[in-house]
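Since the structure comes first, as structure tokens, the remarks are kept for the end.
The values are calculated or read from the model by the stated rules, or taken from the named source; none is laboratory data. Computed from a predicted model, the values in this text were never measured in an experiment. Every residue, glycine as well, gets a Cβ built from its backbone with ideal geometry; the counts of neighbours run over all protein chains shown.
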Amino acid sequence: MEVLAILIPVSLFLGLLGLGAFFWTLRKGQYDDPEGDARRILNTDYDDRPKRDDE
Amino acid sequence: MTEALRPPPSACPGCAVAPAAAPVEDKGARLLLSLPTIHCAGCISTVEKGLARHPGVRSARVNLTLKRASIDAEPTVSAADLIATLDGIGYEAHELDPGVLSQTETDRQGRDLLMRIGVAGFAMMNVMILSIAVWAGAEDATRDLFHLISAVIAIPTVAFAGQPFFRSALKALRARRLNMDGPIALALILTVAISLFETLQSGQHAYFEAVLMLTFFLLVGRYLDHRARALARSAAQELAALEVPRALRIAGGTQTEVPIAQLAVGDLVLVRPGARVPVDGEVTEGRSEIDRSLLTGETLPVVTAPGAQLSAGEVNLTGPLTVRVTAAGRDSSLHRMADLVAAAESARTRYTTLADRAARAYAPTIPLLSLGAFVVWMWISGGDLRLSVNIAVATLIITCPCALGLAVPAVVTAASGRLFRKGLLIKDGTALERLAEVDTVVFDKTGTLTMGTPVPDNLDAHPEPALRVALALSEASSHPLARALATALRARGLAPAQVDDLREAPGYGVQGTWQGQPVKLGRAGWVGATHAATTGAYLSLGEDTHSFTFTDALRPGAEEVVAALQAQGKTLWLLSGDVAPAVEAMAHRLNIPHHRAGALPTEKAAHIEALQAQGHKVLMVGDGLNDTVALSAAHVSISPASALDAARAASDMVLLGRDIAPVADALRISQTSVRRIRENFWQSGLYNAVFVPIALVGWCTPLWAALAMSISSITVSLNALRLK
């Protein structure tokens with residue numbers, strides 16, 4: 001049972017990590033166009049790098 | 001020919017009235033276009049590349065979910081250019097007013113809710129891991145530790161994620177009302193409190209995971225509700241084009257642009273060709289033709305000369321007019337129409353939705369049932385406070401309307417998403433339910449079942465040189481018939497002939513010289529041709545005369561929508577302000593059984609009210625200013641995106657594309673959705689009927705509560721997704 005002392009904090013930490021990632025995607029507007037994003041993957045024009053916000 | 005002279009559904013109707021009214025594009029600002037027909041990955045890249053190739057466009061990004069494109073461009077680029085570019089590559093586009101403020105506002109609220117959902121979801125899953133251990137048999141110190149950790153996660157989460165419910169409940173209580181959020185807030189607070197108490201007392205049961213689950217599912221319902229509403233509202237706001245009511249006042253030989261409110265009776269106002277008449281008045285100078293179809297539904301332009309009376313809202317077509325104001329502002333006919341709309345809208349009975357009715361019946365039962373359980377158990381157990389409170393809390397959390405909170409929003413989201421994909425935007429939250437009750441559909445003819453734009457139908461009857469001269473002449477005029485002719489001729493790949501001395505004679509036509517002989521395009525009498533039975537434009541080449549006749553193109557989908565609605569057993573009416581032969585011909589062509597011609601705006605509304613007095617529920621589909629009163633008088637109303645601002649504002653749904661066929665789909669989908677909503681209510685009722693007795697007798701454990709809550713929420717959502 002001592003393993004719980006490690007496992008519980010670890011699971012909470014991982015959960016919090018996920019929550020943080022969710023907040024980040026939310027702030028970056030990644031849910032603004034779910035349908036378009038799903039289709040864009042079929043696009044055949046490739047960019048060399050991701051587009052930056054200020055471009 | 002019908003309704004020839006509707007001005008094109010311009011990107012910015014206000015611009016015609018007030019050229020200075022478009023400061024939006026000043027500093028290379030963002031342009032927003034609505035693209036009702038995009039649907040695939042190919043569309044995205046075609047549109048983005050097409051826009052990027054347009055000179056002056058810095059970047060363009062398509063949002064497929066909202067069917068919009070946002071464009072960052074130089075100030076010189078106007079939305080009208082981009083719309084033309086997109087039209088060239090086969091996509092229909094409309095300009096949206098970048099109502100940036102309201103959009104960020106709704107976005108902020110939506111993100112706020114999403115954030116709370118995320119927090120509730122995170123806490124729910126973590127607490128669930130611990131709870132499973134407890135349900136699996138963790139005992140004594142381990143159980144207490146797990147409960148304690150759960151409490152540490154759950155209490156701040158409920159305090160943060162539950163805020164929308166607490167706020168709403170408090171607001172309702174202050175107004176001395178009880179809404180659905182009252183019992184929800186009570187359940188959240190009481191359950192957390194009692195669970196904390198049990199934890200500290202090393203008790204067996206703590207309901208932390210149930211509380212979090214309740215918060216999570218309710219927030220999801222709340223978010224879906226918010227999104228459906230915000231999407232419709234922001235789009236409707238943005239569809240409303242800029243229309244700053246301004247007029248050009250002539251005083252002391254100079255023209256100044258003034259707001260209409262500043263005009264007084266007796267002022268002289270200049271109305272340019274193509275502009276809307278801003279006030280009621282009398283023509284003192286100039287000759288032109290006036291399109292009054294928006295006010296009266298008359299299709300033929302009326303010739304005006306000094307002495308003629310004009311009404312606000314009419315459109316000046318060919319020549320500049322000077323108008324002496326006889327009535328402005330409140331007294332003008334445009335304003336009287338707006339007053340009629342307001343009156344009709346307030347008369348529209350306040351509609352109570354299914355959700356409202358369910359909440360009103362259900363909200364008081366939750367605390368009452370729980371209180372009842374507490375009192376009865378106090379009596380049975382002979383004053384065992386802890387047991388009674390525990391049972392009361394279990395009842396509270398079981399009855400809490402988790403599935404009920406999802407029942408309506410899940411269906412509405414599924415339905416509005418489906419309708420949006422078909423090109424229909426719901427502007428009003430209750431429209432879907434009202435639409436489901438409709439048994440009579442009233443169509444306007446002009447601009448609704450027809451495109452409102454004339455199309456020449458006898459081009460083949462003329463020799464090519466005549467067509468090329470006609471093209472040269474027609475391109476020199478902004479008269480709708482001339483424009484239609486030019487577009488059709490260009491579409492045939494013809495090049496204009498060399499015509500010199502092009503001059504427009506306002507109210508008559510265009511003239512010029514071709515190969516040394518005078519040529520004219522315009523009215524029959526002026527050109528020297530004999531007047532044919534249908535409306536047309538006439539061309540004279542020296543001695544020869546040619547007549548071009550026009551028909552109003554049927555809106556795509558008009559035949560399908562009529563057939564589909566008749567198959568659904570609806571009664572159809574065609575109500576138009578146009579003359580009887582044109583209306584009869586249209587009714588006959590589309591096989592609409594009932595029709596009425598020459599209806600004035602108030603008569604249209606009265607007709608609809610008479611139908612409703614007989615117990616019919618009427619759907620009005622219309623687009624003109626003469627339809628607005630009827631649109632707001634009807635039980636529910638739809639207008640095309642090309643409709644006038646006022647008509648769109650008065651209607652509950654907006655048809656985004658050119659095709660009118662989605663109207664029939666909308667009726668079908670609305671009926672299915674109301675059926676789904678009812679089923680969902682029955683489902684959540686059934687779940688309560690099973691679990692409430694279990695809670696009341698005191699057998700309900702946190703495991704039961706968690707199971708019941710998740711199963712009911714999931715079945716309700718799945719049922720909503722069945723919507724086809």
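The table below lists the values:
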read-out: Flag if B:L86 is away from chain A (no Cβ under 13 Å) and at pLDDT 85 or above; value: yes
read-out: So B:P98, is it at pLDDT 85 or above and outside any helix (DSSP H, G or I); value: no
read-out: Residue in the stretch B:633-650 that is surrounded by fewer than 24 Cβ atoms within 10 Å (Cβ to Cβ) and touching a Leu at 6+ places or on another chain (Cβ under 6 Å) present; value: yes
read-out: Residue that is surrounded by the most Cβ atoms within 10 Å (Cβ to Cβ), among those in the stretch B:291-315 that are assigned to a strand (DSSP E or B) and at pLDDT 80 or above; value: B:L310
read-out: Hits in the stretch B:38-83 - residues which are more than 9 Å from chain A (Cβ to nearest Cβ), in contact with a helix residue (DSSP H, G or I) (Cβ under 7 Å, 6 or more places away or on another chain) and among the hydroxyl-bearing types (S, T, Y); value: B:S78
read-out: Entirely in the stretch B:440-546, the helices (runs of 4 or more DSSP H) that have 1 or more residues that are among the charged types (D, E, K, R); value: B:464-474, B:480-491
read-out: Leading residue by the ranking (farthest from A:F22 (Cα to Cα)) among those in the stretch B:128-156 that are at the interface with another protein chain (Cβ under 10 Å from one of its Cβ atoms) and within 45 Å of the chain's Cα centre (by Cα); value: B:I129
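To keep it simple, each residue is scored yes or no on (1) modelled with pLDDT under 90; (2) of a type in the set (D, E); (3) crowded, with 16+ Cβ neighbours inside 10 Å.
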site	(1), (2), (3)
B:D112	yes, yes, no
B:A123	no, no, yes
B:N126	yes, no, yes
B:L130	yes, no, yes
B:T142	yes, no, no
B:A161	no, no, yes
B:R167	no, no, no
